Structure formats: C-alpha cells, structure tokens
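No value in this document is a laboratory result; all are computed from the given coordinates. Here the structure is a predicted model, which is why all the values come from computation and not from measurement. FYI the Cβ positions are ideal-geometry reconstructions off the backbone, even for glycines, and counts take in every protein chain you see.
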Amino acid sequence: MVKARWLRVAAIGCAFAAAATLAGGAFGSVGSKHKSASSIVVGGIFPFTGTKALLSTWGTHGVPVGVWEVNHNGGVLGHQWKSSYVDDAADSVDALPAFRKLLLKHPTLVIGPFSPTIEAVINQFKPNNVADFMVGGLTQLDTLKNSYVFRTSSSDSNEAIAMAYYAIKHGWKSASLIFDNSANSQGFVPPLEKAFKALGGKIDANITLTPGQSSYNAELAQAFAKSPQVIFDSMDSQSAATLFSDGQQLGYMNVPWIGDDLQSAPQGDYAKAFGKTASTELTAALPASPSGAAFNHFLSDYQKVWHTKSILPTTFNEYDSVVIASLAMTAAKSTNPKVWVKDVMKVADAPGVKCSTYAACVRLIKKHKDINYEGASGNDDFNRYHNVFSGFQMVGFDSNLNNVTRGFVTPQELESVVAKGG
C-alpha cells in the first residue's frame, strides 16, 4: 500500500512538472511582454493520472492557446491570464479535494473537469463564486440548470446520433454495442440505439464491460455471434487495450468500429492498441465544426504555441471557453464572476455582430456593439441549459496513425434523424 501510494504521488508530481513545463513554454513570452500587468487565474481540473490521463494532455494543450490569444491581444481589462492545474484522476472521489486545492489559487475561471467527474463538483462553483466551462458531452447535463456552469462541447446524445448516421450512410445496418459501465459511456447507449433503429438499423447485441478485466473473450464472442456489420464502442484506454488485443487474436478487428471522441487522438493509445487495421477500420466521432475564420485563427494560434498543425481533441473547446469568458468580462467591465457570468450568453449568442477573434470582438464591445462570438468549435450559441449544438467530424487514421477526416455529420443531418424519431 505504501509503495502504491508513493508511486501515485510520484506520477502526480511528474504530471504536474510536465504541465508546468507546457505552461511555461506557452506563457514565457507573455510574462516578458506584460511585466506590469496583474494576473487572473484560469484553473484546470484534469486527470493527470489514472486510466483517462490522456484527457489532461488535451486540456493542457487547449487552455494555453486560449490564454495566448487573449494575453497577446491586450488581456482582460488590464489583466493577464495565468494557469494553474490540479489532478482529479478521472475519479469522483478525487475530484472534490482537487477542486478545493484549486480554490487556494483563487481562480476567476475554471476549465474542466471532463465528463467522468463533473457531477462530483458541479454544485461547488456557484457557492465559491467561480465560473466553470466543463469539457465533455455527458448526457446527464443536457438539461443543465446551473448559472455558473457552461459547456462548449456538444452533448454525447448528439454524438451518438452522429455515430449512427455515419454507419447507416455507409450501409452498415446491423451493429453490436460494446460500452463500459461508466456513466459517461452508458450515456451513449439509449440515444445511439434510438437513432440507429430510427434509421433502419438493427442492434445484434448490447455488451456492458466491467473495466480492468484480464480478458474480454466472452464479451467479444457475444458481440460477434451474429456477424454485425459495425461495432459501436466507448471505454477507458486500459480496457480498450485488453479488448482490442483479444479482438486481434480472435480475428474481430477487420470490421468497422466507430468509437467516441476519446478514440480520436492522433497516435493515441486507442489507435495504437487497435492494431494494424486501425487505418482502415477505426473511426471516431469528434464534436466540432472545424472550418471558417474562427477555426483558422485558432489553428494559427495553436501553431504559435505548439509549433504544429496536428491539433489534439477538445483543444478548440478549451480555447473557446477562455475567449468567451474573457469577452464576458470585457462586456461586464468586471472580473468578478457574480457580475460577468451574466454576460456569457450575451457575447456568445445571437443577435449581435458576428466576430471570430478576441481582438475583433473586443473592438466591437468598446464601440458599444452587441456581439455574437463565432468559435473555433462551432457557433457557440448556448441554449437555456448552457449547452451548444454542433456538427461532428468523423476522424480516421493513416498508416502512421495521424488523423484523416473520413467525413462530417452536419447539424442538419442530426436534426433529420431526430425528425425520424431518433
């Protein structure tokens, strides 16, 4: 037990050291350029350890790009953003202590956590006067009623519809579902079944995995008993490594698999574990509408911070979150969340003059114009539940496991499925 605890502490220390290095690389030039500016803190709650530690890489790549965009265009009311991260290990038990640790840094804004732990802390933001932009599509938040919490990523219920639509479009009309027993993964199942059946598909098997098992041969045999044309799946990376390895041995990796956005990372754990057919058979649904001026501007910023065009999943969501919060503060003329949280929808939603960069939007605000920020991840128009609605990019892989776009499912196509009862 002592050894295990020591190993975990060491892992957390290494993860935070890495995050600090990333932040330093992103913010070093900011500090030298704006030495006299006071700072405000954007906190990040991400899983640096555990089976979903991959998500922390996404978060710590997205937040710095948003910070770079704002800090290099005048900051927020004379303030410069700086970041501080804590580890929730994607575990609800660890999430609340992590949140309390983050409060010691006096954040004005929090990005995260991701879907696995948001419910453990969601009621802590308003009492502590901290606004939050969570990351992920947890379906339980589709009717969110919390004035301090927003999300710029589309719901998993929409992602499930996109997965079903993409399969039917390719003529795959019989499917098996393989989802682990987490609330996040199970949230996909009802809307996916509903959409697939509404489009004329048939579910052969619905398998619920217990994470961390040493073998999934029995579950795979059940899933493939009727020779489905496509597999839908969502699970943690450790379980995926075991399942995919078993699938390779049993010859089950030569049919199309459609996974959630966790599986979309270029050269990621999922794609590597899938095996040699990943370049032909593995597709992941990624909530985004990556096109237009806002996305191109984000991509330019991303290159300046990370020196690559190979963006990681959700990074545009974290970027948009920082920008929207900064615009709300500018419009409210206050960095106090009690004041500016009321302006989030004012700067993000129609009506208003459309703008796609922080600098352009600030100029309009200073001219006393109402604005409608068009984000890198989509239009970022929040509904009454503080959710957004976007299309989906269907992402595959080349032989080097870099991303290739296999297609898009548009908002209009999603709406057409809903109209059919999906």
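Quick look at the numbers
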read-out: Cα coordinate range in the stretch 151-267, projected on the principal axes (Å, largest first); value: 34, 34, 25
read-out: Relative contact order of the chain, pairs being alpha-carbon contacts under 8 Å that are 6 or more residues apart, as %; value: 17
read-out: Distance from the stretch 247-309 to the stretch 116-131 (C-alpha centre basis), Å; value: 30
read-out: Exposure proxy ranking, count of Cβ atoms within 10 Å, fewest first, for Cys361, Cys355; value: Cys355, Cys361
read-out: Contour minus Cα-Cα distance for Gln213 and Tyr385 (0.36 nm per residue); value: 58.2 nm
read-out: Candidates Lys197, Lys369, Lys354: whichever shows maximal mean-square fluctuation once the chain is modelled as a Gaussian network with Cα springs under 10 Å; value: Lys369
read-out: Beta bridges per DSSP with both ends in the chain, % antiparallel, nearest 5; value: 25
read-out: Relative contact order, percent, the stretch 269-422 [alpha-carbon distance under 8 Å, six or more residues apart]; value: 29
read-out: Reference-scaled alpha-carbon Rg (2.2 N^0.38 Å with N residues) for the stretch 254-305; value: 1.41
read-out: Pairwise label distance in nanometres, Thr405 with His368, each label 7 Å out on the Cα-Cβ vector; value: 4.1
read-out: Least to most buried among Ile161, Ile203 (fewest other Cβ within 10 Å first); value: Ile203, Ile161
read-out: Scattering profile of the stretch 277-422 at q = 0.09, 0.14, 0.17 Å⁻¹ [log10 I(q)/I(0), Debye over alpha-carbon scatterers]; value: -0.34, -0.75, -1.00
read-out: Förster radius 51 Å - calculated FRET efficiency between Val418 and Ser38 (Cβ-Cβ, nearest 0.05); value: 0.60
read-out: Cβ-based exposure ranking for Glu413, Glu281, in which fewest neighbours within 10 Å come first; value: Glu413, Glu281
read-out: Under 5 Å, built H, 5+ apart or other chain: amide partners of Ile371; value: Val353
read-out: Convex hull projection area averaged over all views, the chain, Cα basis, nm²; value: 19.7
read-out: Sites matching chymotrypsin sites (Phe, Trp or Tyr not before Pro) across the stretch 389-422 that sit in DSSP coil, with at most 14 neighbouring C-beta atoms within 10 Å; value: none
read-out: The stretch 167-222: C-alpha gyration tensor shape, a/c 1.5 cut-off, then a/b vs b/c; value: oblate
read-out: Ranked packing of 81-89, 60-68, 252-260, most packed first, by mean Cβ within 10 Å; value: 60-68, 81-89, 252-260
read-out: Approximate spin-label separation Val93-Lys272, in nm, with each point projected 7 Å along Cα-to-Cβ; value: 2.8
read-out: Net length gained if the chain between Lys173 and Asn254 were fully extended (0.36 nm per residue, minus Cα distance); value: 27.5 nm
